[in-house]
């Protein structure tokens, strides 16, 4: 496995001014940007990196140098920083140096396209050869793909660090997972946020998003809301550990309770979210998520928990209660199909992912609509591994085939925003935050069966 940690540069002078940076190299790290980069370096200091790649633009390079300093301090050595033009930020030549408000005013139609159909944004550029068309987002995705194709073969089984920008980082994550350019705005990257991708091989092989946009090391519990955000924020939580998770026994719809570690994980999740203003809470009707939700809500005693059958775990049918080795004996080859083509597997006397998708997405959409109608801002939704992974596919516009691209640790928190209201495209602000469970930036929870 190749482990890739992607970080965005610290806050820059242009970030604070809400000015478009693109490839212009005029913007420098603010004092906060430098301080956060130091905190980021400390958060990564127990990891041994085989290589460090940075964008050549000074805001990213300076962040990489601060991280490098912290890594060298902690271990006495650190990999040399290599700069790559393939990590340059998105190229927006007509907008660079302008305030966002000026772009909105001067390029109203284009700005609308940028937000609603980013893959269709087109700029006409003049050069000595005449006028040429430039599609900023589409070109950025091609650039990200080239970076992966160039870099991954050199680092099989290694751990590498990439220091980039909001746009190129999103394109790197999206091309790894197969998220189309039309969903460019569906994932976010905060200044000094940490994202972890695990590659089984090259770009065509299995890729797992272990976590997205962790910001806790900078003192930000959850990524901040985007300016002007009016919509609903949902915190999607996976239930705490059960004894069957620990044993890697398939539980499905057998109502296994939390074990002591699971209760402890729920308490830590509750502690982590205690200062977040929660307006409503929904859980799967099964015992393990319900108990997890109740423990979290001890810090929010006025919130009544609503139960939803649509959020229940996948029914594994005849697999339930069995270990992998037992399933392999009784249903030869089916586990391998479940791991490689999950959307094609019909659980014997149970469900398939399409059935889980239909009921869980219907429940999720109903929650978003109801919250928007009641003008509620932030809610928690506690469910299960397969349910959450299915919902993450839905949120990012991916088919159920992408089910295994997402990791969901016991007690982990993901953050989904609806900045354009319940009918607009959702934004995955952060995914699989597990820092509150004591494992540092990595998810150390039991891999666990479903």
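Rounded to the nearest 500, the helix-only mean residue ellipticity at 222 nm of the chain stands at -10500 deg cm²/dmol, with each DSSP H run of n ≥ 4 adding -39,500 (n - 2.57). Among 236, 212, 92, whose mean-square fluctuation peaks in a Gaussian network model of the chain (Cα, cutoff 10 Å)? Top of the fluctuation ranking is 92.
Distance from the Cα centroid of the stretch 253-330 to that of the stretch 6-82 is 37 Å (rounded to whole angstrom). Counted residue by residue at 0.36 nm each, then reduced by the alpha carbon distance between them, the extension gain from residue 274 to residue 16 reaches 90.0 nm. For 250, 49, the sequence from fewest to most other C-beta atoms within 10 Å is 49, 250. Return a whole-number percent for the relative contact order of the stretch 2-218, with Cα pairs under 8 Å and 6 or more residues apart as the contact set. Relative contact order of the stretch 2-218: 31 percent. Between 68, 115, 154, the residue with the greatest mean-square fluctuation in the GNM of the chain (Cα pairs under 10 Å linked by springs) is 154.
Each of 23, 122 was scored by other Cβ atoms within 10 Å of its Cβ. Arranged with the fewest first, they read 122, 23. A Gaussian network model of the chain, with springs between Cα atoms under 10 Å, assigns the largest mean-square fluctuation among 440, 310, 270 to 440. With angles folded into 0 to 90 degrees, how steeply does helix 385-395 sit against the dominant principal axis of the chain? Use alpha carbons for both and round to 10. Helix 385-395 sits at roughly 40 degrees to that axis. Over the stretch 247-364, the hull volume per residue, using the convex hull of the C-alpha atoms, is 115 Å³. One way to sum up the overall shape of the stretch 2-218 is the equivalent ellipsoid from its Cα gyration tensor, whose semi-axes run 29, 21, 15 Å, largest first. Its Cα gyration tensor gives the chain an equivalent ellipsoid; the semi-axes, largest first and in whole Å, are 36, 25, 23. A viscosity of 0.692 mPa s and a temperature of 37 °C, combined with the Kirkwood radius over C-alpha pairs in the Stokes-Einstein formula, give the stretch 304-450 a diffusion coefficient of 198 µm²/s. Cβ-to-Cβ counts within 10 Å put 417, 423, 36 in ascending order as 423, 417, 36, the fewest first. Only Cα pairs under 8 Å and 6+ residues apart enter the sum, and on that basis the relative contact order of the stretch 238-316 stands at 36 percent.
Computed from Cα atoms, the angle from the helix 136-151 axis to the main principal axis of the chain rounds to 70 degrees. Descending by average beta-carbon neighbour count within 10 Å, the peptides 200-211, 51-62 line up as 51-62, 200-211, the highest first.
Against the chain, whose longest principal axis comes from its Cα atoms, helix 260-272 is set at around 40 degrees.
Relative protection proxy for 345-356, 391-402, from highest mean packing down: 391-402, 345-356 (other beta-carbon atoms within 10 angstrom).
Working from Cα pairs under 8 Å separated by at least six residues, relative contact order for the chain is 18 percent.
Values in this text are rule-based calculations from the coordinates and carry no lab data. Everything numeric here is computed off the predicted structure, so don't read it as measured data. Backbone-built Cβ (ideal geometry, glycine too); neighbour counts: all protein chains shown.
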